[in-house]
Amino acid sequence: MNSDRPFYRAIGPNSFRRGDYLIESVLRSDSEEIRRWRNEQLSALRQGNPLTEEEQSAYFDELIRKDYPESHPGKILVRFLLEGYLIGYGGIVHIDWLNLRGEVSFLLETSRTSNHVKYADELFTFFQLIKKMAFEALMLNKLTCEAYAHRGYHVDAIESAGFTREGILREQTKINGVWVDAVVSSCLRSEYLNPRKLV
């Protein structure tokens, strides 16, 4: 643990580990790789156009940095590492501290998304770490997730990671000229603390 690196006050300098994987506060130095991944995977995101370097820099410098010292930030973004190598990022966004809930975001390095079995394994690991952060460190009560239905392997992986489908938002977004549904799922703190089955 390097306490000299920037971190969110809400989670402290801690890393959350599972085997060789860990998540910790996102760093400014991660921004360009994240921008590249986002631009390569537009159809998976709520992002209409490719991000420029200037836009990404402004986002990190003006919005991410201001959240670090907050005890109740609106979002907490984390870097996803395997044996010290950055393989993805995500976090909890749209945090509602009054009702103790937030939405999970997740993006894996583009080259790692083609093998859907491996993708599901790494999403599962990320979601276990995010749940640990959310329900043990932040004491949230509920995590939600919205995934586009055209990525069926992604929807299946989320539900295999312990999220329960709540419903469908019909024709929620247009991707490559086609209307696509969004699948909404969630996990409660009570489910995390008392899982129905071992996974």
**OP:** Could you tell me the number of lysine pairs in the chain with C-alpha atoms less than 27 Å from each other, where the two lysines are 8 or more residues apart or belong to different chains?
**Re:** 17
**OP:** With runs of 4+ DSSP H residues as the only contributors, calculate the mean residue ellipticity of the chain at 222 nm using -39,500 (n - 2.57) per run, divided by the residue total and rounded to the nearest 500.
**Re:** -7000 deg cm²/dmol
**OP:** Let me know the charge dipole size of the chain about its Cα centre in debye, to the nearest 20, where only the beta-carbon of Lys, Arg (+1) and Asp, Glu (-1) is charged.
**Re:** 540
**OP:** Find out how many positive minus negative residues lie around Ser25, taking Lys and Arg as positive, Asp and Glu as negative, among other residues whose Cβ is under 9 Å from that of Ser25.
**Re:** +1
**OP:** Starting from the Kirkwood radius over alpha-carbon pairs of the stretch 16-143, derive D by Stokes-Einstein at 4 °C in a medium of 1.567 mPa s and give it in µm² s⁻¹.
**Re:** 85
**OP:** Determine the relative contact order of the stretch 16-143: mean sequence separation of Cα pairs under 8 Å and six or more apart, normalised by residue count, in whole percent.
**Re:** 26
**OP:** With the Cα gyration tensor of the stretch 139-190 in hand, convert its eigenvalues to equivalent ellipsoid semi-axes via √(5λ) and list them largest first in whole Å.
**Re:** 23, 11, 7
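No lab work stands behind these numbers, since they all come straight from the coordinates. Because the structure is predicted, anything quoted here is derived from the model rather than measured. Glycine gets a Cβ as well: all are built from the backbone with ideal geometry, and neighbour counts include every protein chain shown.
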